[in-house]
Structures are given as structure tokens and as C-alpha cells.
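In what follows, a single structure is set out as C-alpha cells and then discussed.
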Amino acid sequence: MAVSIPRTLWMTIAGAYALMPCCQFSSTAQAAVSQLSLGKATSQSAEVKWSKAAEADRYELSLGTDANASNRGTIFSSETSHQYDNLMPGTVFRAKIRVITGGKADAWGPVLEFSTVIPVVTEVAAGNILDSSAQIFWPNRYHDLPYIRYELSLGTDQDAVSLGQVTTQKNEYFFRDLTPDTTYYAKLRIVNPLVSSNWSPPLAFTTLPYSPGTAPAGLQLKPLRPSRVQVQWQSVAEANGYELAYDTDLLLRNRNSVSTSQTQLTVNLMPNTQYYFKVRSVFNGRPSYWSAGETCLTYPAKPESLLITGNTVNQIMVSWQAPNPSLRLQAYEIKWSPHSLGGEKGNTYTALSNFTLASLSPGQTYAVSVRTVNETGLSDWSAPLSVKTMPTFGSVLELVRVTTSTAVLKWTPYPDAKSYELSYGSDIEAHNKNALETTSTSLELKDLIPGLLYYAKVRPLLRDYTIGSWSEIKSFTTYAMPSGLSKPLLENVAAARVELSWDPVPDATEYEIMFSTDLDNIQGEKRRVSSSPARVSGLRANTTYSLKIRALNKGGAGSWSEDVVFTTALDQAPNRLILDEALPTEAVIRWSAPAGNAPCTYTLRYQPVGQAWVTSTEGSAPTYNLTGLDPATAYKVQVRASNQTGLGPWSQTLSFHTPLPLPETAPPGLRIVKLSDIAADIAWKAMPQADGYRLSMGTDLDASDRGVEDLRDTFFALRGLVPETSYFAKVKAYNSSGDGPWSETLHINTPPSPPISAPAKVAILETTENTISLLWDTNIQVLFYEVSIGTDPRGENMGNPLSSNAPPYVFRGLKSNSTYYVKVRNCSRGGGGPWSSVLKAVTLPE
């Protein structure tokens, strides 16, 4: 069946493109793009370069596979090169460039045509090899690209060149008239009008030996509707039957097989599908080689699920489900006609599964049908679908209110309207890039340009997703804004207010002042005043503000003036003045800054009590280090802040004393005043700047293991010592500034202890005229003994004691018939012990 389809439709479906002539360009664009060239190109990227144009702000680069170099979009660049990525391999692209200067675009330059690199095809394979023919096939991943074709080279030499080259646009090729039982080599490359890939590695294959059985010849295929194919071939003498194989796979690997004794039969297949057929003879159960293969595209199925997706007063949007979608190209024929006279009718073709019928009559009912078209023929028509275009929307737009930058429009409601779409703009057709949608019958337009003529129109959007017609266009003009203001002048700045003035604007009815602590002054507190000068009150002291002013009139607000930045005056002094650290000649003073966000500098003054104030250097940190002070002296300190507006008040007074200087030497004259076997009294000389002393004692050389005593006096009694033991002591002075150095260590050696008891059993052994013998018990721990004699019955004032190594002891040279008193005591290295009781003895008369 022959089908007449417009040639332009098949060119669109097959991807064939015709180059279009380039647009004219100016001398500036000509100069900018005269060197537009291709840099490095890969299979998925390409670099485009051009020369720099004088006074060019930037360049607009357009890319596409279409003749106008536009269907891949545009980019902007300030460089003189750009790399495109993620491109399709082996594709012919076109690029053009134009110059943007001062926001205006020049004309496009000439189109540059280039191609991405085509990869080598490595998956070349052989199939259906017979004695005199062989099929070569490869992946069809590039068949959708325009201008692509395949070149094959064949030979019996390993370079595959001796038998020449052939060209095809399919992804298979049948070599015929080959020699049986011969090894051949084939290789493949892909080419487009600009580049070609490298050759694939040669593929080796061997034809079969000559077959004794003859394969059928004259295989013919005839597509039948709806989805059948009639197959016939020539009969073979002596053949008992035939085997027919067919499949959608080129190699018939999952083939359907039919055995028959006839040379003609009909098979039912899928619609719009490419099938491959071959047949062979059967001789007493033994098959011959397969015949040469033939292909056939079945008729398409008719479209299903025809759906109206929208309609307006003069358009109908229709879509449908594509039947049996496959890689095969197919198109659709659409026809429409009115149910009554007066409406537009026609038919057309499309490659998409949707179409918009345009230029229809408002309020007219149409019948719409669709059928599928492919290279084989046409499907049946779909069931007709009835749809009615919208009647004309007769509502009139009314202007409710207009200002400098806003306008409110309203209109009468439309029956069954879900919402309304309003379009507006400064062009007479009221076009707008983003139309506004609302469910109300009024709408406020915002951010309009003052003093500009606008056009607006509205249409209903109905509940069945159809669109009504536009209303008549309404025009209106926004009010002009007041003139802009120059930068205001500051007349007086105080702690809580500012006074300012400006040049009046003739068309202003009042003025609006905005001020903020945000120096960008994007949003702040606003005040309205009637004229210049004016006062703004209620400000915070010591705070930096940004202030601007604009004029107002009935049309709205004028532009803001330039910002003026100022800082309010200080009305507070620094607070929480504290002494952070005090040394004999230094003091660190710290305070808290006054409230407010303005940066401050500080002045500090100090006064030795009873003397004049001394003022310090200014600084921005809330701390100061006073130096050169006198030790142990009372001081007073005050601080005040200043900002860019002026000085603040003095703070409250902080009073403090500098401490004494740290003792620089150890106390002199450390010595032993009194020493015994179990005690020692030590002393040292006083230091005039000492608040006290610390005495460290011990039996270790560091004089520390008996601890440290804090003392106010220059004397200390050591008690509880061990006889015949070495002790060590050292002393240092301290005051409020800290401790001085330790003195040299004093070495103390306690003496041995004396005996603790008197001799036992003391008695008069014998008396004569001039002697008295004294006896007592000896003690092995005693080194020697001391005896004493006298006339004092109390045993006192008896003179120097006499030594004795052992008892008895004889007192000689005494007077006869005289009374004496005697006593004895034990002695050791530690001295003498306690005396014994005093005994009375009388010498004999002569």
C-alpha cells in the first residue's frame, strides 16, 4: 500500500537536517568572531576558541545540532574560549558567537561546524555464514545520529583491503558472491561529513563448503494489515519440505520456526516491528543452508487512549498513548472536523504523541481522530473524540486603584472558572514573562515602574483544565515618583536625638526618614515629617546610626537619599571600675564600656592622695596599666569615654593602695641565743619593710622536715629537741607583695643530756679528827662524780665541787670537833646531775 506522507515529516523523523544560511553581522561582530575555531575535541567534549573583541563586555555563545546552532542553548563568557562537555560522540555540532557591549547584543557571527570524535567500534561480529554469503553486524548505538554512515572493507588479506569497500547506514551488511570454504577479513569504521573513526580490528571468518542441497531462492515478504506478513519463495526440486524462521533479532537467535510443505504462508506478528526472515529446504529430514535473509516492517497499530488535555477559544490540545513503542520510526496523522458548518477542519502529521490544533472557531464542537504511520503504511483511525472550543471571554477589565508602583484590577466572574490568568506588560499586547494566576476576581500588580504606560488582559482557567479567551486589553499609567533627595546635613547630634536638614523637593507632600543601627540600613524605624529641618528623638546614646530620607506624594515614595552615618553623644561614664592587679609601682585598672554600639576611646586620670591629678594616654581597650607609682601609697582613679561626637562624663572614683615592695634580702643576724640538750632559742635582726617572717626548720640540710612557722617577732624557741642531734634553720621576710629570699642555713647541734638522778645509798663511812669518808652506790653509766663539803646546813654556798672517780671519797684537812655538811652527784658528758640529800658529819676531838 502506498502512503503519501510529506517529505518534511520524514526528514524530521529520520533526523535529516538542511543547513540554513547564516545571519548578517556587523563589523564589530565580524572582527570578534573572524577567528572562531575548534580547539581540542574528544568523543564527549570540544573546545571552541575566538579572538578578543575591542570594548567587549562579554560574549554569548550558542550551540546546536540544528542549522541555526541554537537547539542546545546559549552560554555567556568573559573569556575567549569555552569547553563543552557531555556531548554525544560522532555528532556534528554548530556554534556561533556574538558580542555583548554595554548590555546590548551585536549580530551573530558565522556558524562554525565541527564534530566530536567517533570511537572505534570493536564489537564487530559475523553471523549467518553460508557457502557464498556472510552477514556482518555491529551495535546500533549511533543509528539515531544525523549524517552517520558505516564503511566496511573486505579482503582475503589480513588488512581486509583487497576486495574493496562498501557503505551502509544500517548496522548490518550481507556480503554475497563469496567463494565457499575461504577465509575472509572484514573491518569497519564510522564516518560523518567531518570526521571518521579509526578502523576496527580485522574480523576473520570462513565461508562454509559448498552445500549439496539447494536453499530456496526468491524469498519475498508482503506486510498485511493489521499485523500480518505474507511470505513466499520459489520451490526447490526434490525438496520434501521447508523450514521458515523469523525473529526481531538480526541473528534470529530466538527465532520462531514454522515447518511447511507449501511455498507460501501468512504469520501473525507484532505491529510496527522490524522482523528478519530466512528459509531453507529439507531433503529427507536433512536441511540445506539458509537462504539469504529478508527484512520486513509490520503495519502500525492504531493509537489508544486519545485524550483532550486542554482547550481554548481557538485551540485544542490532544494526546494519546503511542502504540507498541519501539526503536522503529513512526508518525501520526491527525484529522479534525466540526460537527456543524462554520468551523475549521483539516489534517496534519506529527512525530510526537501529542498535538495542538490551532486557528479553530470559538465555541465550536470538533471530532478528532488519530492514526499511526510508518514506512510500511497506515493503521486504522482511532475512535473519534468530541471536544468543544471555549467561547469568547467577554469580561471587561476595570482599574480600581493605581499608585507609583502598584495597580489593582478587577473583572466580572466567568461561569465554571477554576481560576484566572492575568497578563500585563508595557507592550500593547500585554505580554508578560510570568503571567499571574488568582482565584479571585481582582488582583494587585506590584513592583511596577513609576510613570510607565501598562497594558493588561485576563482570561479564565476552567475546571476541566481548558482555557478561556483573553479579555479586551486595559491600559493604565502609574504615577510618577517624587524627585530624589540629596544627602541630608546633620545640624546637631545629642545623646538621644539628632537634628538634620535637606534641600526641599517641589512635588513632595511630606518626607519619610528611616534610621537604623544596621549600617546597610535595609530595614529600620521610620518617621514622617512635614518639612526641613526636622528632629529625630528617642535615640540611644553612644550608638552609631545610618539615616536616609525620601520624599512622598500621592503617587508613592521617591528614591532614598544617600545614607548619612552618625554617632549619638555619650551620657554615661564607664562603670564597674575595678582594681585588677596591684604591685608596689604598678596597678592594672579595668572597667565596663558605656552602653551603645559605637567604638570608644578612654582617658584615665589618677591622683596620689593629697596631690594633683595625672592624666594618662588615650586607648580603645577597657583596661589600663598604671606604672611609676609609689609603693605603700593611697591613690584615686577615674575614667571617661569619648566617641566621634565628643567626651562623656568622668566615672566614679576608685581608691586603692599600692603594696610594700617585695623584700629583696634575707633577715640578717640569724643566730643561737641559748642551747640545751632538748631546746634552743634562736633570733635574727628585724627588717623595716617586713610584715612578718617565715622560719623553716628540720633535721635535713634543706631545713624543711619540721615545717614552717609564720612569726611576727624576731625570736623563736625550739623545743622538744633530741640530745646530740644536728638541726637546721633558715628564715625569710614577707609582706603584702610576697616573700623575700631565704637566709643562709643555721646549724644547731644539741649537747648530750646530764644524768637524771642523784647517787643512791649516800652515807658517812667514817670520821676522824680531821677527815670524813663519804660512801655511795656506783653507776656504770656515770662518767665521774662530784662531791661538795661545807658548813651550810642547806647544802648551799659549799664552794667548788670536787671530782671523784669512785667511792668512797675522803675529805681531808678538816678541823677537829667540827660540824660539816656533805653531798654528791653523778656526772656525764652532758654535765652534772641532781645533788644527793645533804648529810651531817662531825669530826672527832683531838
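For a Förster distance of 25 Å, can you work out the FRET efficiency between the beta-carbons of residue 571 and residue 636, rounded to the nearest 0.05?
0.60
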Next on the checklist: Per residue of segment 451-456, what does 6.51 cos²θ - 1.76 cosθ + 1.60 with θ = phi - 60° give for ³J(HN,Hα)? Whole Hz please, x for Gly and Pro, Karplus curve as stated.
Outcome noted: x, 10, 7, 10, 10, 9
Checklist entry - To the nearest 20 debye, what is the magnitude of the charge dipole of the chain about its Cα centre, counting +1 on the Cβ of each Lys and Arg and -1 on the Cβ of each Asp and Glu? => result 1720 debye
Checklist entry - Over segment 678-734, what number does the Rg to Rh ratio reach, with both radii from the alpha-carbon atoms and Rh per Kirkwood? => result 0.98
Next on the checklist: Using the Kirkwood radius over C-alpha pairs as Rh, can you work out the diffusion coefficient of segment 127-218 via Stokes-Einstein at 25 °C, viscosity 0.890 mPa s, in µm² per second?
Outcome noted: 173 µm²/s
Checklist entry - Using a 1.4 Å probe, how large is the accessible area of residue 702, given in Å² and rounded to the nearest 10? => result 90 Å²
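Before rounding to the nearest 500, sum -39500 (n - 2.57) across all DSSP H runs of length at least 4 in the chain and divide by the residue total; then give [θ] at 222 nm in deg cm²/dmol. Display every interim value, and only then the final one.
Working: 2 runs with 15 residues, N = 846.
-500 deg cm²/dmol, from helical runs alone.
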Item to check | Dipole-positive endmost among 747, 288, 832 within the chain (Cβ charges, Cα centre) | outcome: 288
Next on the checklist: Given 37 °C and 0.692 mPa s, compute D for segment 397-529 with the Stokes-Einstein relation, Rh being the Kirkwood radius over Cα pairs; round to the nearest whole µm²/s.
Outcome noted: 181 µm²/s
Checklist entry - Viscosity 1.002 mPa s, temperature 20 °C: Stokes-Einstein D of the chain from its Kirkwood Cα radius, in µm² per second? => result 49 µm²/s
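Averaged per residue, what accessible area in Å² does the chain show with a 1.4 Å probe, protein chains only?
Normalised by residue count, the accessible surface of the chain is 52 Å².
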Checklist outcome for this item: Over all pairs of different Cα atoms in segment 227-274, the reciprocal of the mean inverse distance gives a Kirkwood radius in Å of 12.0 Å
Next on the checklist: Contact order normalised by length for segment 429-525, with contacts defined as Cα pairs under 8 Å and 6 or more residues apart; what percent is it?
Outcome noted: 18 percent
Checklist entry - Once label points are set 7 Å from the Cα along Cα→Cβ at both residue 652 and residue 705, what is their separation, rounded to one decimal in nm? => result 5.6 nm
Checklist entry - What is the Cα coordinate range of segment 282-383 on the first, second and third principal axes, sorted by size from largest, in whole angstrom? => result 73, 23, 18
Checklist outcome for this item: Under a 1.4 Å probe, counting only protein heavy atoms, residue 339 has an accessible area in Å², nearest 10, of 120 Å²
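Report the charge-dipole magnitude of segment 638-797 in Debye, nearest 20, computed about the Cα centre from +1 at each Lys and Arg Cβ and -1 at each Asp and Glu Cβ.
Numbers: 12 positive and 19 negative charges, 194 e Å.
For segment 638-797, the charge dipole is close to 940 debye.
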Next on the checklist: Order 542-549, 108-115, 605-612 from most to least packed using the mean count of other Cβ atoms within 10 Å.
Outcome noted: 542-549, 108-115, 605-612
Checklist entry - Got a sec? Charge dipole of the chain, +1 on Cβ for Lys and Arg, -1 for Asp and Glu; which of 269, 367, 658 is way out at the positive end? => result 367
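How long are the semi-axes of the equivalent ellipsoid of segment 495-645, defined as square roots of 5 times the Cα gyration tensor eigenvalues? Whole Å, largest first.
On the way: eigenvalues 448, 33, 21 Å².
Semi-axes (√(5λ), whole Å): 47, 13, 10.
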Checklist outcome for this item: Summed over the other residues with a beta carbon less than 12 angstrom from that of residue 92, with K and R at +1 and D and E at -1, the charge totals -1
Checklist entry - When only the heavy atoms of the protein chains count and the probe is 1.4 Å, how do 151, 525 rank by accessible area, highest first? => result 525, 151
Checklist entry - Taking a label point 7 Å from the Cα of residue 840 along the Cα→Cβ vector, which residues of segment 794-809 have an amide N closer than 19 Å to it? => result 794-798
Checklist entry - Quick one: putting +1 on the C-beta of Lys and Arg, -1 on the C-beta of Asp and Glu, what dipole do you get for segment 568-685 around its Cα centre, in Debye to the nearest 20? => result 180 debye
Item to check | Per-residue HN-Hα couplings for segment 832-846 [Karplus 6.51, -1.76, 1.60; θ = phi - 60°; Hz; x = Gly/Pro] | outcome: x, x, x, 6, 6, 5, 7, 9, 9, 9, 10, 6, 6, x, 6
Checklist entry - How would you order 174-182, 827-835 from highest to lowest mean count of nearby Cβ atoms within 10 Å? => result 827-835, 174-182
Checklist entry - Near the amide H of residue 539, under 5 Å away, which other amide H atoms are found, from residues 5 or more places off or on another chain, if H is placed in the peptide plane? => result 497
Checklist entry - Tell me, what ³J(HN,Hα) does each residue in segment 45-58 have, in order and in whole Hz, if you take phi through Karplus 6.51 cos²θ - 1.76 cosθ + 1.60 with θ = phi - 60° and put x for Gly and Pro? => result 8, 7, 9, 10, 10, 8, 8, 6, 9, 5, 6, 7, 6, 6
Item to check | Cβ crowding within 10 Å averaged over residues, with 764-770, 617-623 ranked highest first | outcome: 764-770, 617-623
Checklist entry - For residue 825, what accessible area in Å² do you get when you roll a 1.4 Å probe over the heavy atoms of the protein chains, rounding to the nearest 10? => result 50 Å²
Item to check | R0 of 22 Å, Cβ-Cβ distance residue 419-residue 452: FRET efficiency to nearest 0.05 | outcome: 0.20
Checklist outcome for this item: Rounded to the nearest Å, the spacing of the alpha-carbon centers of segment 632-700 and segment 759-832 is 62 Å
Item to check | Most positive-pole-ward Cα, 843, 668, 215, against dipole of the chain from beta carbon charges | outcome: 215
Checklist outcome for this item: Counting sequence-distant residues (5 or more places) and residues on other chains, those with an amide H built under 5 Å from that of residue 224 are 229, 230, 299
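The values are calculated or read from the model by the stated rules, or taken from the named source; none is laboratory data. Computed from a prediction, not measured in an experiment: that's the story for all the values here. With ideal geometry, Cβ positions are generated from the backbone for all residues, glycine too; neighbour counts draw on all protein chains shown. Only protein heavy atoms, including side chains, enter the accessible area calculation; ligands, DNA and RNA are left aside. Shrake-Rupley method; radii C 1.70, N 1.55, O 1.52, S 1.80 Å.
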